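Participant: Below are the C-alpha cells for one structure; questions will follow.
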Amino acid sequence: MNWYDNAIIYHIYPLGFCGAPKFNDFSDEISFRLDKVLDWIPHFKEMNVDALYLGPVFESVEHGYDIVDFKKIDRRLGDNNSFRFICDRLHENGIKVILDGVFNHVGRKFPQFVDIQEKGQGSSYCNWFQNLNFGGQSPCGDPFWYEGWNGHYNLVKLNLRNSGVCDYIMDAVNYWIDSFGIDGIRFDAADCIDFDFFKRIRSFCKSKKNDFWLMGEIIHGDYNRWANPEMLDGVTNYECYKGLYSSHNDKNYFEIDYSINRQSGTNGGIYKNISLYNFVDNHDVNRLASTISNPAYLPLIYTLEYTMPGIPSIYYGSEYGIQGRKENNSDDNLRPCLHLADMERENNELYKHIVKLGRIYRSYPALRTGSYERIQISNQQLLFKKVQGDQTVYVALNLSESPYEFSFSTHLPALVDVLSATQIDVKNGEAKVMLQPFTSMIIVADDIVNSGSETSSSQEAPSQTETDVEIGAHYRHYKGNEYEVIAVARHSENNEELIIYKSIRNGCVWARPKAIFCGKAGDGTISRFTKL
C-alpha cells in the first residue's frame, strides 16, 4: 500500500493564496510570498494533513496555467532556493509535496513559441505545438494557426507526440524530483493528454520513486481509461463531487450512495483499484458553502467525504466554511488571499469538526481503505459500514430536520460514536442509534480518539489511560505477559501511529498499530493491554 492510499490532502492555489499580482511583469524583483506556507505548517499538522497539493508554481504570464518556464518558480511567489527550503520544511514535518503538472499547454511567452513568432517556418520548434500550420492567421494575430486549449488561444497546446517536447518535460520533472524531492504530480487537463505520454511519464517517475503519485484531472468519462497499471494512479472524482452537495440540497441520499456503490461498493466497484481524489470544492468550482442550500449540511458533507472510499482533500479556507462564487466569468473569488487569523473568526465549529474527522480517519484503517457496504438508506438518512480485516466502522447521517433512530444488527458487543464520544446502546446483537437533525456519527468498537477530558461527565467515554499510551510505562497483555512501551512511531507508508514495546521477560521488541494496542481483545469486552 502506498502513502497516498491513506492520505489527507490539502490543496492551495498559490497565486491567489499569496495575494500575488494578477499579471507577471517579468521584472528582476522577486517576492517571496510563498514563504507564507511555512506559517501554515502547524495548521496542516493539526488537521492531520499528509500532503500539500500546490496549484501552479512555475513561471507563468498570468494565472499559472500559461507557463513560460517549467524549471523556475514564478517570481511572484519566490525563487527556486526559497521553494526548496519550503519543500524541506514540509518534508521534515511529514508532509509530502504534490505539484500541478500543466503539460497540456503553455503560455504565449513560452520561449519555443516565441521562437516561431520570430522565425516563422525557419524555427526548429514548429512541430512542438498541436496543429500548427502557416495556412492562416491565429485569432491573436500570428501569421500562422495553432490549437489553443478549449478555444483559449493564450494557452498554446503542446504536441505530446513530439519526442523533443516529451524529453523537455521529462527533464523538468526529473529536476523537481531530484532537487526538491516532490512526491507527486496532479496533471492538469488530463483528458486532453496523449496516453503514450502518460505511459512514459509513469515509467519514468516510478523508476525515481516507486510511491510517486500520479493523479489526473478528469471531469467526464470512464476513469479506468486514465487510471490503470500503465498510466495514472488516480483521478479527480468529479462524479462524487457533484453527488456530495446535490444529494444534500435535494435531500436524496440515493444519489451519492448510487455513485459510491458504482465506484467502490462490495457488489460492484468498477473503480476499486483506483486512488480516487475526493473533493467538495476546488480552484475551478464554487465553494461548497456557496453551493449548498443550508449551512447545516456542511459537517454532514465533510463526514461523508472523510468516510467514503477514496482520498479526502480540503481546499484552502473551506475548512472554515468560507464562501466564493464565479462572477463575470472570473475565478478570482474562488482563489482568494487568506490569512489564518482572519479565518479563525469564521466557522470555528466546522474547523473543529474537520480536525476531529482527520484524527478519526488516521485512527481507523477501515475508514481509509475498507470496503463500502450500505446498510440502510432513505431520502434523508444513510447508514453504511466500512470493513477491513476484523475492523468494522459504521457511519450514520441524518439530513432531516427531525431526530431519527437507526436500528441495525452488529456482531460487536459494544459501540461508541467517536465524533461525540457517546456510547451506543447494543443489546442482543442489535444497535439503536438516535441521531439529532443534521448530525452524523462514526461508530466503532474501540474509541482511541477521545480522552476523558474531552467529554462531559455524563458521557461514558474511555478514560485517559485507555486512549493515551505513556512511553516508559509498563503494560500487561490480557494473556499475562508484561511489556514496556519504548516509543510511539509513525508508519512510513501510511502515517499510522505504531506503539513500539519491549517484553520485560525476554527483551524482544514488538510493534502494533495504536488502534490495536489500545483496542479490545477476546470477545471484545476486555482491554488488550492494561497499564500497570
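Participant: Determine the percent antiparallel among the DSSP beta bridges restricted to the chain, to the nearest 5.
Facilitator: Values: 64 of 89 bridges.
The answer is about 70 percent antiparallel.
Participant: If you don't mind, there's one more thing I want to ask. So what is the relative contact order of the stretch 277-384, in percent, for Cα pairs below 8 Å that sit 6 or more residues apart?
Facilitator: Working: 129 pairs, mean separation 31.5, N = 108.
Dividing the mean separation by the residue count of the stretch 277-384 yields 29 percent.
Participant: While we're on this one: At 1.4 Å probe size, what's the solvent-accessible area of ARG335? Round to the nearest 10 Å².
Facilitator: The accessible area of ARG335 comes to roughly 30 Å².
Participant: Probe of 1.4 angstrom, ligands and nucleic acids ignored: what's the accessible area per residue over the chain, in square angstrom? Spell out each step's value before the answer.
Facilitator: On the way: 21650 Å² over 532 residues.
With the other protein chains kept in place, the chain gives 41 Å² per residue.
Participant: What percentages make up the Cα-Cα pair-distance distribution of the stretch 283-322 when the bins are 5 Å wide from 0?
Facilitator: Taking every Cα pair in the stretch 283-322, the percentages come to 5, 22, 33, 26, 13, 1.
Participant: Another question about this same structure. Loop-only chymotrypsin sites (Phe, Trp or Tyr not before Pro) in the stretch 47-81, please: DSSP not H, G, I, E or B, and at most 10 other Cβ atoms within 10 Å.
Facilitator: Numbers: sites: TYR53, PHE58, TYR65, PHE70; in loops: TYR65.
Nothing satisfies the criteria.
Participant: Over every pair of different alpha-carbon atoms in the stretch 313-404, take the mean of 1/r and invert it; report that Kirkwood radius in Å.
Facilitator: Numbers: mean 1/r = 0.0620 Å⁻¹.
About 16.1 Å for the stretch 313-404.
Participant: If I ignore ligands, DNA and RNA and count only protein heavy atoms, how much of ILE292 is accessible to a 1.4 Å probe, in Å² to the nearest 10?
Facilitator: Roughly 20 Å² of ILE292 is accessible to a 1.4 Å probe.
Participant: Another question, if that's okay. Relative contact order of the stretch 34-134, please, whole-number percent, based on alpha carbon pairs below 8 angstrom and at least 6 residues apart.
Facilitator: Working: 119 pairs, mean separation 29.0, N = 101.
Contact order relative to length: 29 percent.
Participant: Quote the relative contact order of the chain in percent (integer), defining contacts as alpha-carbon pairs under 8 Å separated by 6+ residues. Numbers along the way, then the final one.
Facilitator: Numbers: 1111 pairs, mean separation 56.4, N = 532.
That works out to 11 percent.
Participant: Rounded to a whole number, what % of the accessible area of the chain do carbon and sulfur atoms account for, probe 1.4 Å? It would help to have the intermediate numbers written out before the result.
Facilitator: On the way: 9950 of 21650 Å².
The C+S portion of the solvent-accessible surface of the chain is 46 percent.
Participant: OK, next. Which semi-axis lengths, in whole Å and largest first, follow from the square roots of five times the eigenvalues of the Cα gyration tensor of the stretch 139-249? Write out the running numbers ahead of the final one.
Facilitator: Values: eigenvalues 127, 111, 32 Å².
Ellipsoid half-lengths, sorted descending, are 25, 24, 13 Å.
Participant: Count neighbours as other Cβ atoms within 10 Å of each site's Cβ, and list the GluC sites (Glu not before Pro) in the stretch 45-112 that are DSSP loop with at most 15 such neighbours. Numbers along the way, then the final one.
Facilitator: Working: sites: GLU46, GLU59, GLU62, GLU92; in loops: GLU62.
Loop-located and lightly packed - GLU62.
Participant: Per Stokes-Einstein, at 10 °C and 1.306 mPa s, what whole-number D in µm² s⁻¹ belongs to the chain, with the Kirkwood radius over Cα pairs as the hydrodynamic radius? Walk me through the intermediate numbers first.
Facilitator: Working: Rh = 25.0 Å.
It comes out at roughly 63 µm²/s.
Participant: Let me ask something else about it. Given the protein chains as shown and a 1.4 Å probe, how many square angstrom of VAL509 are accessible, to the nearest 10?
Facilitator: 90
Participant: A follow-up question, please. Around TRP226, under 12 Å between beta carbons, what's the net of Lys plus Arg minus Asp minus Glu among the other residues? Write out the running numbers ahead of the final one.
Facilitator: Numbers: positive: LYS199, ARG202, ARG225; negative: ASP191, ASP194, GLU217, ASP222, GLU230, ASP233.
The answer is -3.
Participant: Let me ask another. Determine the calculated [θ] at 222 nm for the chain from helices alone, applying -39500 (n - 2.57) to every DSSP H run no shorter than 4 residues and normalising by the residue count; nearest 500 deg cm²/dmol. Don't skip to the end; give the middle numbers.
Facilitator: Numbers: 14 runs with 137 residues, N = 532.
Only helices count here, giving -7500 deg cm²/dmol.
Participant: Apply 1/(1 + (r/R0)^6) to the Cβ-Cβ distance of SER290 and CYS508, taking R0 = 45 Å, and write down the FRET efficiency to the nearest 0.05.
Facilitator: Values: r = 57 Å, r/R0 = 1.26.
The value I calculate is 0.20.
The values are calculated or read from the model by the stated rules, or taken from the named source; none is laboratory data. Nothing here was measured: the structure is a model prediction, and the numbers come from that model. All Cβ positions, glycine included, derive from the backbone under ideal geometry; neighbour counts span all protein chains shown. The accessibility values were calculated without ligands, DNA or RNA, using every heavy atom of the protein model including side chains. Shrake-Rupley method; radii C 1.70, N 1.55, O 1.52, S 1.80 Å.
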